[in-house]
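What follows is a single structure, written as structure tokens, with notes after it.
The values are calculated or read from the model by the stated rules, or taken from the named source; none is laboratory data. Fair warning: this is a prediction, and the values are worked out from it, not measured in the lab. Every residue, glycine as well, gets a Cβ built from its backbone with ideal geometry; the counts of neighbours run over all protein chains shown. Surface accessibility is based on the protein's heavy atoms, side chains included, excluding ligands, DNA and RNA. Shrake-Rupley method; radii C 1.70, N 1.55, O 1.52, S 1.80 Å.
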Amino acid sequence: MNSIKTQITSISTLNNLNIIESKTHNDTLTMMSLDLPESLKKDSLVKLAIKPTNIMLAKEKIGAFSCENRLEAKIINIEKGELLCSITVEYLQSTLEAIITLNAANSMQLKVNEDITLLIKASDIYIKEILSAGELL
């Protein structure tokens, strides 16, 4: 499971739907959730989690797109299986994995050390852990 340390910058709630924004270095991540821990507040440090199968990859700049979360990363490893391909990337100080089909990986002609954009829907991110105030991002 992929995880990224962030700090909550805003929580907007309507009925039982929550839109949470958090910041990690210069990037803002947006997630949506129906349930939130009561201890979660603005400025909380958290570890967000994303399944490897929920990360999409893009090689070229894209214009308007419904996916708010776009992170610039570098490919550090590619493992091709018979049907799927595991792409390991470095995002800031985190190592993340994206799992895509082998056909998609081949058509994208992905290469190690290539820059790539990670696309993550807000509904595909969740809070894995609330961190103590002393833990650094």
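Cβ-Cβ contacts under 8 Å between residues 6 or more apart (or on different chains), taken from a first residue in segment 23-49 that is without any contact (Cβ under 8 Å) to a residue 24 or more places away in the chain to a second residue that is among the polar types (S, T, N, Q) and open to solvent by 50 Å² or more (accessible area, probe 1.4 Å), are listed as Lys23/Gln7; Lys23/Thr9; Thr28/Thr9; Leu34/Asn16; Asp35/Asn16. Scan segment 103-121 and tell me whether some residue there is open to solvent by 40 Å² or more (accessible area, probe 1.4 Å), part of a strand (DSSP E or B) and closer than 17 Å to Lys5 by Cβ. There is no residue in segment 103-121 that is open to solvent by 40 Å² or more (accessible area, probe 1.4 Å), part of a strand (DSSP E or B) and closer than 17 Å to Lys5 by Cβ.
From the list Cys67, Cys85, the one residue that fits, being within 30 Å of Asn103 (Cβ to Cβ), hydrophobic (A, V, I, L, M, F, W, C) and at pLDDT below 95, is Cys67. For the condition in contact (Cβ under 8 Å) with a residue 12 or more places away in the chain, touching a Phe, Trp or Tyr at 6+ places or on another chain (Cβ under 8 Å) and open to solvent by 10 Å² or more (accessible area, probe 1.4 Å), Glu97 does not qualify. Of all the numbered requirements in (1) farther than 30 Å from Glu38 by Cβ; (2) out of contact with any Phe, Trp or Tyr (no Cβ under 8 Å at 6 or more places or on another chain); (3) not aromatic (Phe, Trp, Tyr), Leu119 misses one, and that requirement is (2). Listed conditions (1) modelled with pLDDT of 95 or more; (2) under 30 Å from Gln109 (Cα atoms); (3) over 14 Å from the mean Cα position of the chain (by Cα) are all met by Pro52, apart from (3). Selection over segment 69-105 of residues that are touching a Gly at 6+ places or on another chain (Cβ under 7 Å) and on the phi > 0 side of the Ramachandran plot gives a count of 0.
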